Amino acid sequence: MRLSPKGLELIKAHEGLRLRAYQDVVGVWTVGYGNTGTAKPGMTITNERADELLRHDVEQFESAVNNLVHVPLNQNQFDALISFAFNLGRAALYRSTLLRKLNAGDYTGAAAEFGRWVNAGGKPWPGLIRRRKEERELFETPVEMDAPNDWYSEVDKHL
């Protein structure tokens, strides 16, 4: 599966765009739409570079979710998991009770786990509370009919 335009917009809305590198609330250097792999102090990038970094990062998380999840997902569930993993990292998803419950077929129990991941720097963070709420709502939203799996052409239009 691939991230849909709706999923991409969710990530962009919560990550925000920063063209100058900054330290996030836990001190991690970040640039663009939440990219931590290339950011360093004093770094500046263009909008185009931010889109390239986001596209690369999304591909990594698509691969991770596709490899880690062993039960069927609809597009909304997949998008919610990509946003979750994008924010927390592949290792957090891999170790999570959310993934364990999901792979056991407990979709309701997995959805309830989103709300446990709201801390930054050891305390609940309002932005993470909102993000997890939106991810859970998206995860629990049924899809009438899954769209074709050619999302990249649509996603590229939004980058």
| request: Positive end of the charge dipole of the chain (Lys, Arg +1 and Asp, Glu -1 on Cβ, about the Cα centre): tell me which of Phe84, Pro142, Asn67 has its Cα farthest that way. | output: Phe84
| said: Can you compute the charge dipole magnitude of the chain about its Cα centre, using +1 on each Lys and Arg Cβ and -1 on each Asp and Glu Cβ, nothing else charged? Give it in debye, rounded to the nearest 20. | reply: 800 debye
| Lysine pairs in the chain with Cα atoms under 27 Å, if 8 or more residues apart or on separate chains | 12
| query | Does the stretch 14-64 come out rounded, prolate or oblate by the C-alpha gyration tensor, with a ≥ b ≥ c the root eigenvalues, rounded set by a/c under 1.5 and, if not, prolate when a/b is larger than b/c and oblate if not? | reply | oblate
| request: Return the ratio Rg/(2.2 N^0.38 Å) for the stretch 41-130, where Rg is computed over Cα atoms only. | output: 1.21
| Average accessible area per residue (Å²) across the stretch 1-140 - probe 1.4 Å, nucleic acids and ligands excluded | 49 Å²
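What Kirkwood hydrodynamic radius do you get for the chain when you take the inverse of the mean 1/r over all pairs of distinct Cα atoms, in Å? Can you show the working numbers first?
Working: mean 1/r = 0.0624 Å⁻¹.
Roughly 16.0 Å, rounded to one decimal.
With the contact rule set at Cα under 8 Å and sequence spacing of 6 or more, what percent relative contact order holds for the chain?
Details: 216 pairs, mean separation 41.9, N = 159.
With pairs under 8 Å counted, the relative contact order is 26 percent.
The values are calculated or read from the model by the stated rules, or taken from the named source; none is laboratory data. No experiment lies behind these values; they were computed from the predicted model shown. Don't worry about glycine lacking a Cβ; one is built from the backbone with ideal geometry, like all the others, and counts go over all protein chains shown. For the accessible areas, the whole protein counts, side chains as well, though only heavy atoms, and no ligand, DNA or RNA atoms are used. Shrake-Rupley method; radii C 1.70, N 1.55, O 1.52, S 1.80 Å.
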